1. Return a whole-number percent for the relative contact order of chain B, with Cα pairs under 8 Å and 6 or more residues apart as the contact set.
2. Could you give the angle, 0 to 90 degrees to the nearest 10, between helix A:148-160's Cα long axis and the longest principal axis of the Cα atoms of chain A?
3. Which cross-chain or sequence-distant (5 or more) residues have an amide H under 5 Å from the amide H of B:W82, H modelled 1.01 Å from N in plane?
4. Just going by the charge dipole of the protein assembly as shown, with Lys and Arg at +1 and Asp and Glu at -1 on Cβ, which of B:P87, B:P77, A:A282 is farthest out on the positive end?
5. Can you tell me the 0 to 90 degree angle between the C-alpha axis of helix A:245-269 and the longest principal axis of chain A, rounded to 10?
6. Cα axis of helix B:57-74 to longest principal axis of chain B: angle in degrees, 0 to 90, nearest 10?
7. Determine the shape class of the stretch A:108-201: with a ≥ b ≥ c the square roots of the Cα gyration tensor eigenvalues, call it rounded for a/c under 1.5, and otherwise prolate if a/b is greater than b/c, oblate otherwise.
8. Mind running the shape call on the stretch B:192-322? Use the C-alpha gyration tensor, a ≥ b ≥ c as the square roots of the eigenvalues: rounded below 1.5 for a/c, prolate if a/b tops b/c, oblate otherwise.
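Every read-out reported here was derived from the displayed coordinates using simple, explicitly stated rules and does not represent laboratory data. The shown structure was predicted, so the numbers you read here are calculated from the model rather than taken from an experiment. So basically every Cβ, Gly included, is an ideal-geometry build from the backbone, and we count neighbours across all protein chains shown.
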Amino acid sequence: MARPPLTIPPEVRSRLQRLALRTRRDMGDRGYGMHHSRNKGAGLEFAQYRAYEPGDEPRRIDWKLFARSDKFFVREAEEESPVSVWMLIDASASMAQADRARADWSRMDAAKLLAMCIAQLALMQGDRFGWMALCDHGLVVADPHRGRTQFERMQIALARLESAGTFPDPATLSPLWERIGPNDLVLFLSDCFDEGGIALIERLAKAGREVLAVQLLTVEERDFPFDGGYRFREQESGAALIGDGKALRDSFLARFGEARAALAERLERVGIRHTAYVLDEAIDRPLHVFFGRGAPPA
Amino acid sequence: MTPLLLAPLGLAALAALVVPLLVHLRRRTEDVPVDFAALRWLDPHPRPRRRLRLDEWLLLVLRLLLVALLAVLLARPAVLGWDDEAPRVLAVPGIDPAAARAAAGPEAELRWIAPGFPLVGEGAPPPHAGVSSLIRQFDAELPQGAPLTILVPPVLAGVDAAPLRLTRTATWRIVDGGETAAKPAAPPSPALAVRHAQGQAAALRYFRAVAAAWSDAPRFEAGPAGALPPRKSVLVWLVPGPVPASVSDWVSAGGTALLADAAEIAMPAASEALWRDDTGAVLVEGGALGEGRLMRFTRPLVPAAMPALVDAAFPARLRELVSPPAPPPARVRAEAFAPAAGTAPFALPPRDMSGWLAVLIAFVFLAERVLATRRQRPAA
């Protein structure tokens, strides 16, 4: 399917400059730096010189030092981040829902763009990032890497991603446990209507992963602006309900508000930070809620 | 001021009000399908809404108004008692327009007494025609309470025999300087043209004597049947036997003919006795034929059968018969003809308001179109 690759709008990109992906550990006692570690590797921050050993890449030899000392030294930099950022994107059919007022901006589109924003943050600070699309026919997994190549791969892969089917069952989800490391940061982008999804992130949180959940809601779910006769259809089960918008509104808003409060309580109990993103808000708002210092954009 | 409807049955068109209502009734039978993932939080048994619901109230109101106004237009609205009670001035044609204007005042509504009552100063003064009838008409059509002034010349022509009695006390003003009609000259004596059969000229001498009695320069000619005289002459037809069709055609075209009793012709259906003698016996009968007049003696033109032939009054009597009927007297001294008040006023016809209503309908229609074709219109 020939779709334009996802691009982040310039104003969002400039707002992202103010943000940094931090885990809870970063914000804890140590107080500075981003995901520091003592592992040496091929990063940018200089750590030390060591003597050349056969097998090292010639391009890693410091030729200026060789000119001074006539010996081969290899530059070693700190492997900055042991933390991988995972984006779990719910690809069930309910994610395809868009508002009637803006039919080309579905929940899925928002999830993709939000994932791109997270990837941009990770790219800017050199973290590894990977993604998983949770489809019922099997997970689409991209292992975490850092760098612009990974970002462009993600752009292409997400542009191809379609939302269909139901939320995958636990058996389909099992490869997930092998991939997500113990200290990884997991961002869960979903409408959070599926019990399977909530159970998954609960287990992840209990297993020590830091999980941030973004509940993507449409404007219609928030405001319920229906007036007149409608045939409400649920995408995944196909269930339908015929009713009058005005008559349904009050009870829906009350019950939906209760459900969201129950969800919030449930997530907080296991320590999952969460926020809701409604489709008419700025796409980077959840990131400002999670990582920002000032007020989030509207 | 009483509004009323001249054709109240037109209000039956108000039934058409249901059409815009139906157009605007929300089609609730169509349930718009919409994807909604949060279905499980919808009330599965919503209370049904039975109320009728309507879209686009303003447009609906305009359309209802349009239909209602059209129905009222069909019912022909009118207003009773909404009358213009400005003073009016009438002038008899023949008065100098400048004198009439001076007498009426510069602002007054000044009209000629003529069919249609044209305004003085617009176009040429109309010809003189039935003055008293027109005054009665104007008075009857004028609302009660509107003062009326009538400007007349000293001698008024074109009046009829009845004195003027109007519904109001009109001001009767005699304006000098109008045209003074000259006393009409006496009509010339009729010309007699006698047509007789060969050798039967005995009666000729009576008519020659009549012509001589009428005028010092008698206009008389006689001849055998054949060429007919000009139509102004009076034809005296003494030929016995059937009258040729050329003679009846001549009469129908406007001639006057006097036939002898021996002439055989079908007399017009409207024939009546025109001259009876002292004993009451009919001497001349006749009537109109086409545009002319056809008369016939009922007795042979010999003194034994008709003693009036040799009577001294015969020429005068004959002249009365053949002369065209004189117009009725129509001239009167204006001061003697001043109108009296006292006739019961006539009920004025209600003023028709359809024109104004049509203008209003046009505006409402315009507003409806503007509203219906504006850009930001919610999708139906």
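1. 18
2. 20
3. B:T2, B:R351
4. A:A282
5. That helix lies at roughly 30 degrees to the long axis.
6. That works out to roughly 20 degrees.
7. In terms of gyration-tensor shape, prolate.
8. Since a/c stays below 1.5, the shape of the stretch B:192-322 is classed as rounded.
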